[in-house]
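In what follows, a single structure is set out as structure tokens and then discussed.
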Amino acid sequence: MVNILSLFTLAALWGGSFLFVRIAANPLGPAVLIETRVAFAALTLLVVSFFLKKSLKFISNIKHFLTLGLFNSALPFLLFAYSAQVLNVSTLAILNSTAPIWGAIIGAVWTRTWLTKEVVFGLVLGMIGVSVLVGWEAINIGDEAIIPMIAALMGAFSYGIATNYAKNAPSVEPFNNAHGSMWASVILVLPLVPFIPVRETISSDIMLSVFALGAVCTGLAYLLYFRLINELGASSALSVTFLIPAFGILWGYLFLGETVGINAIIGTILVVTGTMFVTGFYRKLLPSKLM
């Protein structure tokens, strides 16, 4: 019961991250927003590391942390922040959930192995779901929605690269991976800040959103995620992926008054179902006699 509650809490936090990104992306601009996000996350994990008495050997693992920070934080965070200037919360959350699909495709190319029929079926469902979203948003928002949607998909693609890299990466404790990659992201994003400055006066609401995004939805959420991996295993912890779109839709509706269109519902069902087939998670939902 405790682990189920933790899964829903994590999904709520990560779904909420798209809400806060949507609120702050236009006033702050993508670079300042994400630099502040990863800085708050890194500082939060630094404080936690003192309490847990964990030392971070950053320099000795700097290449690893920079690689992980680039593909698992800096690049996808920037791409989603860029997309959030146009797209609504639910669309961002749904497109983010395609990360396991991209991970499967990248993994097949990486290892030069054939995809199973189940994985191919899942890929097709996922792509149809994305097409439903892309087509509707292009009609609803206009052609200016196309590039942001591609950027969001590339953010999910970046997560897929990070997942495959992590399988062959140097052996580093999960907490230190999160901690080190956040500081690496601070370094990677910082050079962009002078070129994409703040656009509006920063209000207390915006600063509160950025603090919640960095400290809670990124820093503390990572801690919760790695605890779930230790207690449930990586495959079970992955089930949080299927819950994030629901919370993204919910938070967008409750706090920003976003309408929940039939396209979002259909797209979510298709993408989440496709992801279940790609990851093999659907097998856990079937009775053992049918396996």
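The values are calculated or read from the model by the stated rules, or taken from the named source; none is laboratory data. All values reported here derive from a predicted model rather than from experimental measurement. Note that we place each Cβ from the backbone using ideal geometry, even for glycine, and neighbour counts take in every protein chain shown. SASA here: full protein model, heavy atoms, side chains in, ligands and nucleic acids out. Shrake-Rupley method; radii C 1.70, N 1.55, O 1.52, S 1.80 Å.
Points worth noting:
- Of all residues making up the range 24-73, the number that are among the aromatic types (Phe, Trp, Tyr) and either under 12 Å from residue 210 (Cα atoms) or within 16 Å of the chain's Cα centre (by Cα) (or both): 2
- Restricting the range 213-253 to residues that are small (Gly, Ala, Ser) and at pLDDT below 90, the residue that is nearest to residue 22 (Cα to Cα): 239
- Odd one out for residue 146, checked against (1) modelled with pLDDT of 90 or more; (2) closer than 23 Å to residue 26 by Cα: (1)
- Checking residue 170 against (1) outside any helix (DSSP H, G or I); (2) in contact with a Ser or Thr (Cβ under 9 Å, 6 or more places away or on another chain); (3) open to solvent by 50 Å² or more (accessible area, probe 1.4 Å); (4) not acidic (Asp, Glu), the condition it does not meet: (2)
- Flag: residue 26 matches the condition of being polar (S, T, N, Q), touching a residue at least 40 places away in the same chain (Cβ under 8 Å) and surrounded by fewer than 21 Cβ atoms within 10 Å (Cβ to Cβ).
- Output for the range 240-265, where each listed residue is open to solvent by 20 Å² or more (accessible area, probe 1.4 Å) and of a type in the set (A, V, I, L, M): 243, 246, 249, 250, 254, 256, 260, 262, 265
- Qualifying residue in the range 36-48 (condition: among the aliphatic types (A, V, I, L, M), free of Cβ contacts under 8 Å to residues at least 60 places away in the same chain and open to solvent by 40 Å² or more (accessible area, probe 1.4 Å)): yes
- Selection status of residue 2, of a type in the set (A, V, I, L, M) and modelled with pLDDT under 95: yes
- Tally of residues being touching a residue at least 40 places away in the same chain (Cβ under 8 Å), part of a helix (DSSP H, G or I) and more than 19 Å from residue 47 (Cα to Cα) across the range 188-227: 9
- Residues that are part of a helix (DSSP H, G or I) and among the polar types (S, T, N, Q) were ranked within the range 94-146; the one that is surrounded by the fewest Cβ atoms within 10 Å (Cβ to Cβ) is 111.
- The range 180-235 - residue that is of a type in the set (D, E, K, R) and within 15 Å of residue 30 (Cβ to Cβ) and, of those, most open to solvent (accessible area, probe 1.4 Å): 199
- Single unsatisfied condition, residue 74 versus (1) at pLDDT 95 or above; (2) at positive phi: (2)
- The range 7-21 - residue that is of a type in the set (A, V, I, L, M) and farther than 14 Å from residue 87 by Cβ and, of those, most open to solvent (accessible area, probe 1.4 Å): 13
- With respect to the conditions (1) touching a residue at least 60 places away in the same chain (Cβ under 8 Å); (2) polar (S, T, N, Q); (3) open to solvent by 40 Å² or more (accessible area, probe 1.4 Å), residue 83 lacks only one, and its number is (3).
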